[in-house]
Amino acid sequence: QLAPLPPMTPAFLKTLNTVCQQCYRDFAPDDVELGVREHILQDLESFVKRQFTGARLRLFGSSKNGFGFKQSDLDICMVLDGQETAEGLDCISIIESLARLLRKHPGLRNILPITTAKVPIVKFYHARTGLEGDISLYNTLALHNTRLLASYAAIDLRVKMLCYVTKVFAKLCDIGDASRGSLSSYGFTLMVLFYLQQRNPPVIPVLQEIYDEEKKPEVLVDGWNVYFYDDLDKLPERWQQKNLESVGALWLGLLQFYTETFDFREHVISIRQSAALTTFNKQWTSKYIVIEDPFDLNHNLGAGLSRRMTNFIMKAFINGRSVFGTSVKAYPPEYTSPMEFF
Ligand code: CTP
Ligand code: MG
């Protein structure tokens, strides 16, 4: 049981709000930076085509989902023309020969194929921009979940802002790096979206539950239904924004939600449906933080967390709740830098 928070002063709530908005302004890439990413992609695609004639490269992840940082990695997916799925392809040897080819590219360094991971990739470093990146093959579900996240980001600016704040928070608390045993950015983004769906009134709808037909359409990719309502121009006919809270209040609300309200033992963080989903339903009771992928329903983003790491993440949220939930007079009203806050 956590001690109740002292009453929030309106001045401090305003500071929180400024901090959240500033976080977004400081870290969101501008159009030039997004253009640079597209340019690198085009250049790589024409280079790769020298050997893989029908190759097409596509960006996904935070270069496309609306929550990218200036220094975020380039997540790239390669597909071959006329080949719908990876079926029948020897992905490991394609990755290996792709790595040999990329070593000849003058602008790239540190080419490293990783063929033992669940999704085989080749990593690279783009010297001129200092960006790191990786290319995977037929990572089709990731292209769809990127589009889903981008749609949520486009519904309300507060979604974007909160995702930035949460990612900065996760990086600074050292809890946002799946390759080192914690949670991926993607996992944290799903946590933010789930909270925003559960907020009363909700800040975002459940796009996978909105459809015009009698029943939910089926769009199957790798055996999973990737349908969601993506006609955002028409969304206001189906769903109206009733939540008028400030981003600052929503940020504090998020920290309170995951430390006071949400029952991790009982429930799954799942953004695909509004009805509660239990860890028992999913047979995922051996883990404490359970985050269901919106499309690949067998994928628990929290599966790789150790007991120790789980405690470490929960402690970061508990500290966050008390730091951001306790009004401090010392911050001047014109205070704007979110970095000092953490
Ligand atoms: N992804 C996934 N399943 C995972 C991890 C990642 O499907 N367990 C996909 C998601 O589409 C995600 C993308 O891979 O957006 C890239 O993952 P990652 O680089 O971890 O997240 P980003 O959203 O790109 O964030 P960052 O800015 O930290 O790179
Ligand atoms: Mg990324």
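For segment 11-53, how many residues are more than 19 Å from R158 (Cα to Cα) and not hydrophobic (A, V, I, L, M, F, W, C)? Number satisfying all stated conditions: 14.
Evaluating E266 against the criteria (1) in contact with a Lys or Arg (Cβ under 7 Å, 6 or more places away or on another chain); (2) closer than 22 Å to L297 by Cα leaves one unmet condition, (1). Of all residues in segment 106-124, those satisfying the criterion of being surrounded by fewer than 16 Cβ atoms within 10 Å (Cβ to Cβ) and closer than 16 Å to I40 by Cβ are P106, G107, R109, N110. When restricted to residues that are free of Cβ contacts under 8 Å to residues at least 60 places away in the same chain and in a loop (DSSP other than H, G, I, E, B), segment 286-307 contains 7. Please tell me if Q42 is at pLDDT 95 or above, within 20 Å of the chain's Cα centre (by Cα) and either part of a helix (DSSP H, G or I) or outside the structural domain of Q83 (by TED's automatic domain parsing) (or both). It is false that Q42 is at pLDDT 95 or above, within 20 Å of the chain's Cα centre (by Cα) and either part of a helix (DSSP H, G or I) or outside the structural domain of Q83 (by TED's automatic domain parsing) (or both). Taken over segment 55-80, the criterion of being at pLDDT 95 or above and either on the phi > 0 side of the Ramachandran plot or more than 16 Å from ligand 1 (Cβ to nearest atom) (or both) is satisfied by A55, R56, G61, L80. Within segment 241-261, the set of residues being free of Cβ contacts under 8 Å to residues at least 12 places away in the same chain and hydrophobic (A, V, I, L, M, F, W, C) comprises L244 only. All of L297, L277, L305, L301 fail the test of being on the phi < 0 side of the Ramachandran plot, in the same structural domain as E218 (by TED's automatic domain parsing) and within 16 Å of ligand 2 (Cβ to nearest atom), apart from L301.
Being without any contact (Cβ under 8 Å) to a residue 24 or more places away in the chain and within 16 Å of ligand 2 (Cβ to nearest atom) holds for only one residue in K123, K104, and it is K123.
Apart from one condition, R25 fits all of (1) near ligand 1 (Cβ under 10 Å from one of its atoms); (2) more than 30 Å from S93 (Cα to Cα); the exception is (1). Evaluation of K171 against the conditions (1) under 19 Å from L148 (Cβ atoms); (2) free of Cβ contacts under 8 Å to residues at least 24 places away in the same chain shows that the sole unmet condition is (1). When only residues in segment 45-78 that are in contact (Cβ under 8 Å) with a residue 40 or more places away in the chain and of a type in the set (A, V, I, L, M) count, which is farthest from ligand 2 (Cβ to nearest atom)? Top of the filtered list is V48. Any residue at all in segment 188-201 that is closer than 20 Å to F228 by Cβ, of a type in the set (K, R) and either touching a strand residue (DSSP E or B) at 6+ places or on another chain (Cβ under 9 Å) or at pLDDT 95 or above (or both)? Yes, some residue in segment 188-201 is closer than 20 Å to F228 by Cβ, of a type in the set (K, R) and either touching a strand residue (DSSP E or B) at 6+ places or on another chain (Cβ under 9 Å) or at pLDDT 95 or above (or both).
The values are calculated or read from the model by the stated rules, or taken from the named source; none is laboratory data. The structure presented is a predicted model; accordingly, all values stated were derived computationally and were not measured. Every residue, glycine among them, receives a Cβ derived from its backbone with ideal geometry; neighbour counts consider all protein chains shown.
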